């Protein structure tokens, strides 16, 4: 049985975290409320850097995939857009999953600990996955829109 499924888990976890916060507050000479407040905050620059890196990688992947779709459906505009919408959802979902995994790895190295515990829910890709998925779909669509206007040579390659 997983500990989180036991009825006493929430109370025990709360007591443990409260003891931890009291110890940190005592060691640093601050109020427990201050420790609790900082435990819920993230460093903006770290989160922005992680999302930016994955965003640049996603743009590159979207550019490659839309180019392949464009070459495959060079004479069929309807097929191009149907495949683009399908791939936008699939590639965005895969990107969010890779982003979650990448964020966990970066957070593990940043904190020098594999024990992420309650911090796991504050990782940007986990906290904002739906928004990142939607943005991924929109970006994929915009890249496809740009790629759809590239004139193709007779052999089906961008020219």
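Details
- Verdict on residue 74 being touching a strand residue (DSSP E or B) at 6+ places or on another chain (Cβ under 6 Å) and either surrounded by 14 or more Cβ atoms within 10 Å (Cβ to Cβ) or at negative phi (or both): yes
- Residue in region 20-43 that is out of contact with any strand residue (DSSP E or B) (no Cβ under 6 Å at 6 or more places or on another chain), closer than 23 Å to residue 132 by Cβ and assigned to a helix (DSSP H, G or I) present: no
- Against the test of being closer than 28 Å to residue 39 by Cα and either part of a helix (DSSP H, G or I) or modelled with pLDDT under 85 (or both), the options 61, 138, 105 yield a single qualifying residue, 105.
- Positions within region 32-51 being over 14 Å from residue 122 (Cα atoms) and under 16 Å from the mean Cα position of the chain (by Cα), in sequence order: 45, 49
- Against the conditions (1) touching a residue at least 40 places away in the same chain (Cβ under 8 Å); (2) over 15 Å from the mean Cα position of the chain (by Cα), residue 79 satisfies every one except (1).
- Exclusive hit being out of contact with any strand residue (DSSP E or B) (no Cβ under 6 Å at 6 or more places or on another chain), surrounded by fewer than 17 Cβ atoms within 10 Å (Cβ to Cβ) and not assigned by TED's automatic domain parsing to the domain that holds residue 37, set 144, 89: 89
- Counting only residues that are in a loop (DSSP other than H, G, I, E, B) and modelled with pLDDT of 95 or more, region 120-135 holds 0 of them.
The values are calculated or read from the model by the stated rules, or taken from the named source; none is laboratory data. All of these numbers come straight from a predicted model, not from anything done at the bench. Virtual Cβ from ideal backbone geometry, glycine too; neighbours counted across all protein chains shown.
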